[in-house]
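Undergrad: Below is one structure. I have some questions about it.
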Amino acid sequence: HTDFSVLETLKLNSYIAQDTLAYLAASSRLPSLKGLVLRLAGGYIDRQRTNEFFDIARSFLCQLPTLETLGLAGERSCLDENSILEHYGAALRQLSLSPSEVEKALSPEDITKIGTLCTFLEDLVLTLHRSKGNATEVACYKPLSSIQRLENLTLTLEALNHAIP
C-alpha cells in the first residue's frame with residue numbers, strides 16, 4: 001500500500017488515459033504535492049470524448065493543493081490555462097509549457113498573462129514557434145522581460161516550416 005498523502009512530486013511523462021485521469025480526479029488526496037508534470041493528449045479520440053477528457057483534466061488540476069512546479073506538455077488547447085494559472089498563481093516557482101505539434105503557438109498575450117498571474121516565477125520553460133523573426137514572434141519575447149523574479153528561461157524555438165533556418 002502506497003501512502004500518496006506524502007507524495008511531493010508526480011511526473012506522468014507518458015500520455016495519460018482518460019480513465020486513469022478520471023480516477024485521479026475522483027479519488028486523489030495529494031495534500032503534500034508540490035510538483036506535477038502532466039502530458040495531455042485528447043486529439044486521438046473523438047470530439048465529445050476530447051471535451052470530456054479536458055473537463056476531467058481541469059477538475060484534477062484545480063483540486064490539487066498549491067503547486068510550486070507545474071509542467072504541462074502535449075495538447076493544451078482545450079484546457080483553460082487561465083483558470084489553472086489563476087489557481088496556482090503566485091505559488092508557482094517553475095512552469096513548463098510544451099505544446100503538441102498541431103497546437104497553436106503561445107501568443108504575446110499568453111506570455112504576458114503568465115507574468116501577471118505567476119508573480120514569483122523563477123524558472124520558465126516555453127516552446128515558441130519560429131517564424132523568421134516576424135512581428136508576432138518578436139512580440140512574444142518582449143513580455144518575458146517583465147517577469148520580475150525570472151532567473152532561468154529555457155526557450156525551444158520550433159520551426160514548423162523546416163525551410164526556416
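Undergrad: Sort out which residues of segment 136-154 are open to solvent by 80 Å² or more (accessible area, probe 1.4 Å) and modelled with pLDDT under 90, and write them in order of number.
TA: Thr136
Undergrad: If a residue has to be among the hydrophobic types (A, V, I, L, M, F, W, C), over 10 Å from the mean Cα position of the chain (by Cα) and either in a loop (DSSP other than H, G, I, E, B) or buried (at least 21 other Cβ atoms within 10 Å of the Cβ) (or both) to count, how many in segment 57-78 make the cut? Let's see the steps before the verdict.
TA: Taking segment 57-78 and keeping what is among the hydrophobic types (A, V, I, L, M, F, W, C), we get 57, 60-62, 64, 67, 70, 72-73, 78.
If we keep only those that are over 10 Å from the mean Cα position of the chain (by Cα) as well, we get 57, 60-62, 64, 67, 78.
From what is left, the residues that are either in a loop (DSSP other than H, G, I, E, B) or buried (at least 21 other Cβ atoms within 10 Å of the Cβ) (or both) are 57, 61, 64, 67, 78.
Residues in segment 57-78 being among the hydrophobic types (A, V, I, L, M, F, W, C), over 10 Å from the mean Cα position of the chain (by Cα) and either in a loop (DSSP other than H, G, I, E, B) or buried (at least 21 other Cβ atoms within 10 Å of the Cβ) (or both): 5 in total.
Undergrad: Still on this structure: So Phe54 ticks every box in (1) part of a helix (DSSP H, G or I); (2) modelled with pLDDT under 90; (3) loosely packed, with under 13 Cβ neighbours inside 10 Å but one. Which box is left unticked?
TA: (3)
Undergrad: Still on this model: With respect to Arg39, determine if the residue is in a strand (DSSP E or B) and modelled with pLDDT under 90.
TA: Yes, satisfied.
Undergrad: Looking only at segment 81-136, count how many residues are more than 19 Å from Leu153 (Cα to Cα) and assigned to a loop (DSSP other than H, G, I, E, B).
TA: Here the count works out to 8.
Undergrad: Search segment 79-118 for residues being among the β-branched types (Val, Ile, Thr) and either touching a His at 6+ places or on another chain (Cβ under 9 Å) or farther than 19 Å from Gln63 by Cα (or both), and hand back the single one that is surrounded by the fewest Cβ atoms within 10 Å (Cβ to Cβ).
TA: Among those that are among the β-branched types (Val, Ile, Thr) and either touching a His at 6+ places or on another chain (Cβ under 9 Å) or farther than 19 Å from Gln63 by Cα (or both), it is Val102.
Undergrad: Of everything in segment 1-36 that's assigned to a helix (DSSP H, G or I) and either open to solvent by less than 70 Å² (accessible area, probe 1.4 Å) or basic (Lys, Arg) (or both), which residue is modelled with the lowest pLDDT?
TA: Going through segment 1-36, the residues assigned to a helix (DSSP H, G or I) turn out to be 4-6, 18-27.
Right, trim to either open to solvent by less than 70 Å² (accessible area, probe 1.4 Å) or basic (Lys, Arg) (or both) and you get 5, 18, 20-22, 24-25, 27.
Working: Ser5: 86, Gln18: 84, Thr20: 86, Leu21: 85, Ala22: 88, Leu24: 85, Ala25: 85, Ser27: 78.
Across segment 1-36, the extreme among qualifying residues is Ser27.
The values are calculated or read from the model by the stated rules, or taken from the named source; none is laboratory data. Keep in mind that this is a model prediction, so the values were computed, not measured. Cβ coordinates were reconstructed from backbone atoms using ideal geometry, including for glycine residues, and neighbour counts include every protein chain displayed. Note: areas computed on protein heavy atoms with side chains; ligands, DNA, RNA excluded. Shrake-Rupley method; radii C 1.70, N 1.55, O 1.52, S 1.80 Å.
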